[in-house]
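To start, the structure itself, in structure tokens.
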Amino acid sequence: MRKPIIAGNWKMNKTVKEAVELINELKPLVAKSKPEVVVCVPYTDLWAVKEAIAGSKIKLGAENVAWADNGAFTGEISADMLLEIGVEYVIIGHSERRQYFGETDQSVNARAKQALKKGLKPIICVGETLTEREKNKTKKVLKKQVVEGFKDFTAEDFANIVIAYEPVWAIGTGKTATAEDANKTIGYIRSLVKKIWGSEVAKALRIQYGGSMKPTNAKELMAMRNIDGGLIGGAALKATDFAGIVNYKNN
Ligand code: 13P
């Protein structure tokens, strides 16, 4: 059985003060929840959030990591820097990184390999844009993202990898893929992994859905066979909304 994983992606939101307030409100609301709970927060919030989540079941995540160990890479943050703070998960290849910051399947691959080498668990994002979807290119796009983005990953690597399927047209738009549609597409991603890395890997791999997930649609999405969790943007910024997703079983 795959353990569900609900992760918040705060994106470029929350000052340190706001971050601590949110965590303090969130902690009691998720204290008894079954899924694994992760908050992926801006670098500047990491230290304060690490202290605020102490003693709770909430795990710490970052929103990116450099591919190099250290050196002249202005503006980048290394795996060692994250590990020393206590970061466990790191989002890699989010569509906003691909869209606004020039991330490619190759840079995603390099960052993910570095995360794996250092012992961080990458949450690797894949997903098609609206245009690609309308042109019936969803499968082709996902295949390229998996084949090139996951190049040279070993079967063992997958024990520490989470994939997030985020259709770009559903991010922050209020449009959610239907549960059936998300399930089918995630099933396709799983079949790609099966073809390359084998059925044991594919069976154990956790794949999240992301894109306008909220307390009102979480239960239906999470009921789907292939959906093992959620990567939550907007709704992760409000404690009651995020907790409502984490506790989807009670909805
Ligand atoms: P929203 O939940 O705001 O649609 O964002 C999803 C997302 O991009 C999570 O990484």
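The values are calculated or read from the model by the stated rules, or taken from the named source; none is laboratory data. As the structure is a computational prediction, the values presented were derived from the model and not from experiment. Here the Cβ positions follow ideal geometry from the backbone for every residue, glycine too, while neighbour counts run over all protein chains shown. When the accessible area is computed, the model is the full protein with side chains, heavy atoms only, and any ligands, DNA or RNA have been set aside. Shrake-Rupley method; radii C 1.70, N 1.55, O 1.52, S 1.80 Å.
Which longest run of the chain has no exposed loop site in it, a site being trypsin sites (Lys or Arg not before Pro) in a DSSP loop with at most 16 other beta carbons within 10 Å, and the site itself not part of the run?
58-134
Using only the Cα atoms of the stretch 146-231, each taken as one equal point scatterer with no solvent, compute I(q) by the Debye sum, divide by I(0), and report log10 of the ratio at q = 0.13, 0.25 Å⁻¹.
-0.41, -1.20
Project the alpha carbons of the chain onto their principal axes and report the range along each, largest first, in whole Å.
Here the spans come out as 48, 44, 34 Å, largest first.
Taking chymotrypsin sites (Phe, Trp or Tyr not before Pro) as exposed when DSSP calls them loop (any state but H, G, I, E, B) and at most 16 other Cβ atoms lie within 10 Å, what is the longest stretch of the chain free of them, the sites themselves excluded?
For chymotrypsin sites (Phe, Trp or Tyr not before Pro) (loop position, at most 16 other Cβ atoms within 10 Å), the longest site-free span of the chain is 102-251.
At what distance in nm do the modelled label points of PHE73 and LYS57 sit from each other, each positioned 7 Å from its Cα along Cα→Cβ?
3.4
Taking the alpha-carbon centroid of each part, what is the distance from the stretch 177-201 to the stretch 12-56 in angstrom?
So the separation of the two Cα centres works out to 30 Å.
Helix hunt in the chain: which complete DSSP H runs extend at least 24 Å axially by C-alpha with mean Kyte-Doolittle at least -1.0?
Membrane-span-like by this criterion, though nothing is claimed about a membrane: 179-197.
Under 24 Å from the Cα of LYS249, which lysines turn up, not counting those fewer than eight places away in the same chain?
LYS249 reaches LYS3, LYS27, LYS32, LYS34, LYS57, LYS59, LYS175, LYS184, LYS203, LYS214, LYS219, LYS238.
Assign unit charges at the C-beta atoms only (+1 for Lys and Arg, -1 for Asp and Glu), then state the dipole size of the chain relative to its Cα centre in Debye, rounded to the nearest 20.
The dipole magnitude comes to about 900 debye.
List the aspartates and glutamates whose Cα sits under 12 Å from the Cα of LYS137, skipping any in the same chain fewer than 8 residues away.
The reachable aspartates and glutamates, counting only those whose Cα sits under 12 Å from LYS137, are GLU128.
What accessible area per residue, rounded to a whole number of Å², is obtained for the stretch 1-133 using a probe radius of 1.4 Å?
48
For the stretch 151-201, what value does the Rg/Rh ratio take when both radii are computed over Cα atoms and Rh is the Kirkwood radius, given to two decimals?
Taking Rg over the Kirkwood Rh, I get 1.06.
Among ILE5, SER95, TRP197, which residue has its Cα positioned farthest towards the positive end of the charge dipole of the chain, with +1 placed on the Cβ of Lys and Arg, -1 on the Cβ of Asp and Glu, and the dipole taken about the Cα centre?
Going by the Cα projections, it comes out as TRP197.
Over the stretch 92-150, what number does the Rg to Rh ratio reach, with both radii from the alpha-carbon atoms and Rh per Kirkwood?
That ratio is 1.01, to two decimals.
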